[in-house]
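Have a look at the structure below, then the notes.
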Amino acid sequence: MDVINTIGRRKTSVARLYMQSGNGDILVNGKTVQDYFNSDVLEIIVKQPLEKVEQTGNFDIKINVDGGGPTGQAEAIRLAISRALCEVDAEFRPALKSEGFMTRDPRMVERKKPGRRKARRSFQFSKR
């Protein structure tokens, strides 16, 4: 099996993934998942697709992720891993889709409008 290249996005985070057969090493920006995400919850989010299709120790994954915060990055990585697993075996797709791992979350930060303090927050109104 040669290298599979996929991409995952969430908010402003972009994760570029390179997956090949190996012994289960996951590197995020040159660090292990445990070192990069200091939260156990984010580590679980990243590994969810692999555990769902029972392929935890079968692939070496190298990920370059940038933009956004830790949660957006973890969910972008989850989408990229899910897409890569579907390229490996198309039979994984129904299981991953039922969990919602194949869906790109379209929610983005709403832009700030002129004449307002934030996207929707107005300036404080003074009656007198």
The exposure ranking of R93, R83, fewest beta-carbon neighbours within 10 Å first, is R93, R83
Chymotrypsin sites (Phe, Trp or Tyr not before Pro) within the range 79-128, DSSP loop, no more than 15 other Cβ atoms inside 10 Å: F123, F125
Report, to the nearest 10°, how far helix 40-52 tilts away from the longest principal axis of the Cα atoms in the chain, using its own Cα long axis and a range of 0 to 90°. 50 degrees
Please give the Cα centre distance for the range 7-61 versus the range 93-120, rounded to the nearest Å. 21 Å
Quick check: the angle from helix 70-88's long axis to the longest principal axis of the chain, C-alpha only, nearest 10 degrees? 40 degrees
Which of I7, I63 comes first, and how do the rest follow, when ranked by fewest Cβ neighbours within 10 Å? I7, I63
With 10 angstrom as the radius, rank E75, E54 by how many other C-beta atoms surround their C-beta, starting from the fewest. E54, E75
Please list, in order along the range 97-112, the HN-Hα scalar couplings obtained from phi with the Karplus expression 6.51 cos²θ - 1.76 cosθ + 1.60 (θ = phi - 60°), rounded to whole Hz, x for Gly and Pro. 5, 5, 7, x, 7, 8, 8, 7, 6, x, 5, 10, 5, 6, 6, 6
Share, in percent, of DSSP beta bridges within the chain that are antiparallel, nearest 5: 85 percent
Qualifying lysines (Cα of each under 16 Å from Cα of K97; at least 8 residues distant if same chain): K47, K52
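Only the coordinates and a few stated rules stand behind these numbers; no lab work does. From a predicted model like this one, the values you see are computed outputs, not experimental measurements. Methodologically, a virtual Cβ is constructed for each residue, glycine included, from the backbone with ideal geometry; neighbour enumeration extends over all protein chains shown.
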